[in-house]
Structures are given as structure tokens and as C-alpha cells.
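What follows is calculated from the coordinates using simple rules that are stated; it is not laboratory data. As the structure is a computational prediction, the values presented were derived from the model and not from experiment. Every residue, glycine as well, gets a Cβ built from its backbone with ideal geometry; the counts of neighbours run over all protein chains shown.
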Amino acid sequence: MTLKAGVVAVQGDVSEHAEAVRRAAEAHDRDIEVLEVRDSGTVPDCDFLSMPGGESTTISGLLHSEGIAEEIVAHVEAGKPVLATCAGLIVAATDAGDDRVENLGLADVTVERNAFGRQKDSFEAPLDVAGLDDPFPAVFIRAPLISEVGEDVEVLAEWDGRPVAIRDGPVVGTSFHPELTPDSRLHGLAFFENDAAERPVPDQ
Ligand code: GLN
């Protein structure tokens with residue numbers, strides 16, 4: 001069975017996510033087809049979905065104007081996995097404290113945009129992530145701070161005492177960019193190992 005892996009492609013680092021999900025699928029011995037989501041009508045076909053980084057004001061506006069936003073909400077309501085990274089997490093959050101972002105409320109978190117500084121303050125750090133055996137090389141670029149988490153939200157990783165990776169049921173969100181390293185374990189965790197989500201394929 002070939003799984004359909006959607007990558008939200010209205011703006012942002014789309015090809016990197018497509019590659020990361022291909023590597024994760026290979027590591028989990030699954031066949032996938034990547035679908036780039038630019039219009040409404042694609043998300044309902046997807047077994048799981050990546051929401052890349054980029055510019056959250058632009059991404060959220062386009063998702064609403066193209067009629068994709070409500071399809072993503074329905075995808076999560078059906079328990080299907082989502083990995084939302086950086087700007088993707090800002091869009092997926094309940095509140096970003098910024099009227100220019102039209103939040104989807106997929107994960108019960110409040111975020112603060114650009115809280116780790118500007119582009120020049122970007123950094124990479126080895127991060128302990130719940131569910132991964134070895135530290136993950138996390139790349140932070142104008143990353144959001146997760147300032148509040150709801151009571152059903154699991155914090156998967158912290159940096160400097162602040163949450164930077166969370167899971168809320170089928171949704172895994174990261175402040176950093178797992179798609180910018182060759183390491184695809186976070187995509188694997190979000191799509192193939194998340195017990196809180198509808199498994200895209202039954203365990204074999
Ligand atoms: N700062 C960007 C925003 O608020 C996110 C940056 C990123 O995705 N690398 O949309």
C-alpha cells in the first residue's frame with residue numbers, strides 16, 4: 001500500500017520536507033507518494049501532512065484563502081498525523097499573539113514568534129527528544145518560543161528550560177527545522193511511531 005504524504009506547499013521549505021519524509025519512509029520500510037498541497041482537494045487524500053517553516057503570516061493567509069485551512073483541521077480531527085515545524089507550528093498553534101497569523105488551533109499551545117532572535121542568531125544544538133535514543137541535531141532559524149502548553153500536550157524536548165518540541169495527539173510540533181538535517185527521525189516519530197495518531201498503516 002502506497003501512503004500519501006502531503007507537504008503544505010503554499011510557501012516555505014517544501015522540498016526539504018519532501019526529502020525528509022522520503023528518508024523516514026525508507027527507514028520504516030514504507031512506500032509513499034509525496035503530494036504538494038497548493039490547492040484545496042489534496043489534503044483529504046493525504047495519510048499524513050508536513051507543515052513546513054517559512055513565513056507564518058503568508059502561509060496562514062494562503063491556507064485560508066485557498067480553502068485548505070478547514071481541510072487540515074478535518075485531517076487532525078480524523079486523528080491523522082501532522083508534523084508542523086517552525087512557521088508551520090506557529091500556524092498550527094492556538095495563539096501566536098499576532099493578528100497577522102490566522103491560527104488553525106491544531107495543537108493546544110501558545111507561541112511567540114521570533115523569540116529566539118533574528119536570522120543572524122540562528123543556531124544548531126544537539127537536543128534530547130523523548131522517544132529518540134540519541135540527541136537530534138536541531139536547527140533554529142527565527143524560531144518561535146512555545147510559551148504555554150495545554151494540559152494534554154506532551155513536551156518532547158526543551159532547550160534552555162523552554163519547550164521546543166511538543167505532541168498534542170496526532171500533531172507533533174517543533175520550533176526548529178528537522179527537515180534541514182539528514183536526520184529524519186523526527187519525521188519518523190511524527191508519522192510512523194505516534195501512538196496518539198491513527199496509524200497510516202496497520203502494524204505488520
Ligand atoms: N519567524 C518566522 C515566522 O514567524 C518563522 C521562521 C521559520 O519558519 N524559520 O513565520
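Here are a few things to note about the model shown:
- Gyration tensor (alpha-carbon) shape descriptor, segment 97-184, a/c threshold 1.5: oblate
- Calculated mean residue ellipticity at 222 nm for the chain: -6500 deg cm²/dmol, from DSSP H runs with n ≥ 4 weighted as -39500 (n - 2.57), summed, divided by the residue count and rounded to 500.
- Rounded Å value of the spacing that divides the Cα centres of segment 20-57 and segment 145-172: 22
- Segment 13-54: C-alpha gyration tensor shape, a/c 1.5 cut-off, then a/b vs b/c: oblate
- Shape analysis of the chain places it in the rounded category; the axes a ≥ b ≥ c from the Cα gyration tensor give an a/c below 1.5.
- Placing unit charges on the Cβ atoms of the charged side chains and taking the dipole of segment 1-148 about its Cα centre, the candidate lying farthest along the positive direction among H75, I146, A125 is A125.
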